[in-house]
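The values are calculated or read from the model by the stated rules, or taken from the named source; none is laboratory data. Quick caveat, the model's predicted, so the values are computed rather than measured. All Cβ positions, glycine included, derive from the backbone under ideal geometry; neighbour counts span all protein chains shown. With ligands, DNA and RNA removed, areas are computed over all heavy atoms of the protein, side chains included. Shrake-Rupley method; radii C 1.70, N 1.55, O 1.52, S 1.80 Å.
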Amino acid sequence: MSDATKISGLQLRSLISKTGDLELSLAKVDVPEPGPDQVVVRVEATPINPSDLGLLLGPADMTSFKSSGSGDGIKVTAKVPAAALPFLAARLGEAMPVGNEGAGTVVKAGASEAAQALQGKTVSMVGGAMYAQYRLLKASDCQPLPAGTTAAEGASWFVNPLTALGMTETMKREGHKALVHTAAASNLGQMLNKICNEDGIGLVNIVRSAEQTKLLKGIGAKHIVDSSAASFTDDLTQALVETGATIAFDAIGGGKLASQILTCMEIALNKTAKEYSRYGSTTHKQVYIYGSLSTGAVELNRNYGMAWGVGGWLLTPFLQKIGRPDQVRLRERVVNSLKTTFASHYTKVISLPEALDLKNIAAYAKRATGEKFLINPNKG
């Protein structure tokens, strides 16, 4: 191809310097020609997920954000606490592209059959660097969307849907029959309720307000407990007795909630126990922390016997563990139900320069339930 057809576009980058300065900027980048098994996608929708914020903003001090320039030349700076820098050693001094997943139109395709089959199609994609106007990636990292599906409808096809499916898959593989989910009114939490209703799985939803309880009731959630209620411990124990849930996925991370869940699981198990054991229930109780809405210490008050575990859970290692055939099975379920079970709802669609607007940063950095931003890098 001649240089006249070369594509270039903006890409959002996040840099943390060795001295602890965060800088967000837009870089103009040339997009290489696709190799045989590659395609170039014009990115038309890419969500801001909590998993993106760790790379985008890092542990920057939210009170220190400043902005300069405008339009494509906008720059945002902030201070990162010195204590956090040793944990960021691998990224210091490197301008990193951001954005885990997205969707758009294939505008160039390599020579292989798989790549050519995607030419002109609307696809969902995964692989990082999605906060950009164009993305070069492997054809196998693209999922063609069904006819009549928009880029916005397909943009969140990967992280939340596959995380929700990964939770029920993990539950089955580890021998549990029902599960608990915290911060349960989130986009992901709503998907998990729909999956569990479809598959006949018991699910205990832990929320923080009456509004969130109402939202989940509206989509058919059966067991909802409010952690702000005085009766929380009793309510949770009762829901655990009714469902038999012995595995939990916790989006909060810090604080006492993981320990409270294990305690209530132990009480629920003892209520149905046939005989007393001074070591507590022999049924294994597991809490997986998969998010960090609270970055504080995880506090464990050990009063739930010896058969328990608290660990981390991440989507990518889970997918690597289950292998390609099971990955394909889960991906196909998502794509077939993008407008129903796996629908995502956005409160605002913004451009790349608008993603660096301080008011927008303050809003999406809150990770508030019911407030989800979608970037359209090619928005005028």
Original post:
For the chain, which longest stretch is free of loop sites, where a loop site is one of the chymotrypsin sites (Phe, Trp or Tyr not before Pro) that DSSP puts outside H, G, I, E and B and that has at most 16 other Cβ atoms within 10 Å?
Top reply: 1-275
**OP:** Express the carbon and sulfur contribution to the solvent-accessible surface of the chain as a percent, rounded to the nearest whole number, probe 1.4 angstrom.
**Re:** 53 percent
Original post:
Per residue, what volume in Å³ does the Cα convex hull of the chain take up?
Top reply: 152 Å³
**OP:** Only Lys, Arg, Asp and Glu count, each charged at its Cβ (+1, +1, -1, -1), so figure out the dipole size of the stretch 1-158 about its Cα centre, rounded to 20 debye.
**Re:** 280 debye
Subject >> Computed FRET value (nearest 0.05) for D30 with S294, which takes r as the C-beta separation and R₀ as 35 Å >> reply: 0.25
**OP:** Give me the lysines in straight-line cross-link reach of K194: C-alpha distance below 23 Å, same-chain residues under 8 apart excluded.
**Re:** K172, K177, K214, K217, K222, K339, K372
Subject >> As computed over the stretch 175-258, the Cα convex hull volume per residue (Å³) >> reply: 89 Å³
**OP:** Could I have the simple spin-label model distance between K256 and E23, label points 7 Å from Cα toward Cβ, reported in nm to one decimal?
**Re:** 4.5 nm
Original post:
Taking K79 as the anchor, which lysines have their alpha carbon closer than 19 Å to its alpha carbon, excluding any fewer than eight residues away along the same chain?
Top reply: K18, K66, K359, K366
Subject >> q = 0.29 Å⁻¹, the stretch 229-289: log10 I(q)/I(0) [Debye, one scatterer per Cα] >> reply: -1.32
Subject >> Segment K359-S228, extension gain: residue separation times 0.36 nm, minus the distance between their alpha carbons >> reply: 44.3 nm
Subject >> Surface accessible to a 1.4 Å probe, per residue, for the residues of the stretch 1-126, Å² >> reply: 46 Å²
Subject >> Pair N301, K271: separation of 7 Å Cα→Cβ label points (nm) >> reply: 1.9 nm
**OP:** Obtain the nm distance between the two label points defined at L92 and K6 by a simple spin-label model: each point lies 7 Å from its Cα along the Cα-to-C-beta direction.
**Re:** 3.5 nm
Original post:
How large is ³J(HN,Hα) for each residue in the stretch 358-365, as worked out from phi by the Karplus curve 6.51 cos²θ - 1.76 cosθ + 1.60 (θ = phi - 60°), to whole Hz, x for Gly and Pro?
Top reply: 4, 5, 5, 4, 4, 6, 6, 6
**OP:** Hey, can you grab everything whose amide H is under 5 Å from the amide H of K121? Only 5+ residues off in sequence or another chain; H modelled, so Pro and N-termini drop out.
**Re:** V106
